[in-house]
Amino acid sequence: MDEILAPDVTVQLTGNDGNAFSIISRVRKALKRAGYTDLAARFLEEATSGDYDHLLQTCMKYVNVE
């Protein structure tokens, strides 16, 4: 896998609501809190452009996922 776009941002996905909207919200908020406002917008566009598997892959592309 390529380098993570926001390597200093970690989002806990395991043990939380697995609903796609919940995941998107959690990652976007984490990116915005870390100052990655533009990246958060790019994430939203990319994350919603495919199926659930694509969403999870996109999360792992943008942030550290636990």
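Think of it as helices only: each DSSP H run of n ≥ 4 in the chain is worth -39500 (n - 2.57), and spread over all residues that comes to -17000 deg cm²/dmol at 222 nm. The ratio of the alpha-carbon radius of gyration of the chain to the globular-protein estimate 2.2 N^0.38 Å is 0.97. For R42, the accessible area of its heavy atoms, probed at 1.4 Å with every protein chain present, is near 130 square angstrom.
Report, to the nearest whole %, how much of the accessible area of the chain belongs to carbon and sulfur atoms, 1.4 Å probe, protein only. Carbon and sulfur: 50 percent of the exposed surface of the chain.
Between L56 and A20, full extension at 0.36 nm per residue minus the direct alpha carbon distance yields a gain of 12.1 nm. Surface exposure of the chain, expressed per residue as accessible area with a 1.4 Å probe, stands at 63 Å².
The values are calculated or read from the model by the stated rules, or taken from the named source; none is laboratory data. Quantities reported herein were computed from a predicted structural model and do not represent experimental measurements. Surface accessibility is based on the protein's heavy atoms, side chains included, excluding ligands, DNA and RNA. Shrake-Rupley method; radii C 1.70, N 1.55, O 1.52, S 1.80 Å.
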